[in-house]
Amino acid sequence: MNKKLVIFDMDGTVYLGKNLIDGSKETFDYLDKHHIEYVFFTNNSSHDLEFYEKKIKNFGIKCSLEHNFYSSTEVTISYLKDLGVKTIYCVGNKCLKDKLAKHFKYIDRYDENVDVEAVVCGFSTELVYDELKGACLYLQKKDLPFIATNLDWRCPIEDGLYIPDCGGMCEWIYRCTGKKATVMGKPNPVVIDYLAKRFNVKKDEILVVGDRLYTDILVGANANVDTLCVLSGESSLEDVKKYEHQPTYLLDSIKELPSLLEK
């Protein structure tokens, strides 16, 4: 298999919460040895990329912030700039708001006398009701772009458990306002397009690896690149069998990835 870039999901693929999935480090040692590029892409906007770099390094995996990490937050910023947006309202963790505030004027609470040009929603573990309320009021007041960093319904943690993710927050806003979010992270194929250019590779030289069918596998299908679904996170074998967009490959975990790449 001639792959020059492997795009990895993290939660449920490389680790589960605080626990590294068995064989992950050896897989990245293999990629380094064979000079295969890899990038960690996360839909999770509740942490900055420095958080993920530290976490991955603490697992003993070689990586650098500038070369190996990308997220839905960066895609969101680029998209908003392309729209010419200057003023935003955001539902999300402080790290997301702080990053957006470096590029846009950030309104931190609803004010009927203040106009915004877009509403952004990211995965928030610091959510308060007034944030959702403000987003709903702004979206009803005027026809604004409603941007979501991701639409994951749930986030996997230790012991096979899950916590609510951005998709549920966006669904609440949709039920109140009738406005559906434009999703910037996976499964939007712009993610793959950007990384193909960044690493100067062709699409048939890319492999997307993840545990979620409706994000990791669907982004590959949307971008017409090969995908590997691992059963170490959210998706079960029965889930995969029922899904309309079948992954190119299916393995129990990324521990088996080196053997697949050898074929």
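The values are calculated or read from the model by the stated rules, or taken from the named source; none is laboratory data. None of these values were measured; they are calculated from a predicted model. Cβ coordinates were reconstructed from backbone atoms using ideal geometry, including for glycine residues, and neighbour counts include every protein chain displayed.
Of the listed requirements (1) touching a Pro at 6+ places or on another chain (Cβ under 9 Å); (2) surrounded by fewer than 22 Cβ atoms within 10 Å (Cβ to Cβ), LEU228 misses just one: (2).
For segment 62-74, which residues satisfy the criterion of being in contact (Cβ under 8 Å) with a residue 40 or more places away in the chain and either in contact with a Lys or Arg (Cβ under 9 Å, 6 or more places away or on another chain) or surrounded by fewer than 21 Cβ atoms within 10 Å (Cβ to Cβ) (or both)?
Let us first name the residues in segment 62-74 that are in contact (Cβ under 8 Å) with a residue 40 or more places away in the chain, namely 70-73.
Selection gives TYR70, SER72, THR73.
Summed over segment 173-218, residues that are over 20 Å from VAL75 (Cβ atoms) and aromatic (Phe, Trp, Tyr) total 1.
Here is a check on your reading of the model: is ASP108 closer than 27 Å to LEU218 by Cα and acidic (Asp, Glu)? Spell out how you get there, then give the answer.
Working: closer than 27 Å to LEU218 by Cα: no; acidic (Asp, Glu): yes.
It is false that ASP108 is closer than 27 Å to LEU218 by Cα and acidic (Asp, Glu).
From ILE77, ILE88, which residue is modelled with pLDDT under 95, touching a Leu at 6+ places or on another chain (Cβ under 8 Å), buried (at least 17 other Cβ atoms within 10 Å of the Cβ) and within 26 Å of ILE163 (Cβ to Cβ)?
Details: ILE88 fails: modelled with pLDDT under 95.
None of the others qualify; the one that does is ILE77.
Just to be sure I understand, how many residues within segment 211-230 are touching a strand residue (DSSP E or B) at 6+ places or on another chain (Cβ under 7 Å) and either touching a residue at least 60 places away in the same chain (Cβ under 8 Å) or outside any helix (DSSP H, G or I) (or both)? Within segment 211-230, residues that are touching a strand residue (DSSP E or B) at 6+ places or on another chain (Cβ under 7 Å) and either touching a residue at least 60 places away in the same chain (Cβ under 8 Å) or outside any helix (DSSP H, G or I) (or both) number 8.
Of the listed requirements (1) in contact with a helix residue (DSSP H, G or I) (Cβ under 9 Å, 6 or more places away or on another chain); (2) closer than 25 Å to VAL209 by Cβ; (3) not hydrophobic (A, V, I, L, M, F, W, C), THR177 misses just one: (2). Checked against the criterion of being modelled with pLDDT under 95, more than 15 Å from the chain's Cα centre (by Cα) and part of a strand (DSSP E or B), segment 18-37 contains one or more residues that satisfy it. Picking from residues in segment 42-80 that are part of a helix (DSSP H, G or I) and of a type in the set (A, V, I, L, M), the one that is farthest from THR13 (Cα to Cα) is LEU80. Screening segment 91-198 for strands (runs of 3 or more DSSP E) wholly inside it with 2 or more residues that are touching a residue at least 40 places away in the same chain (Cβ under 8 Å), outside the structural domain of VAL209 (by TED's automatic domain parsing) and closer than 15 Å to SER45 by Cα returns the ranges 118-121, 154-156.
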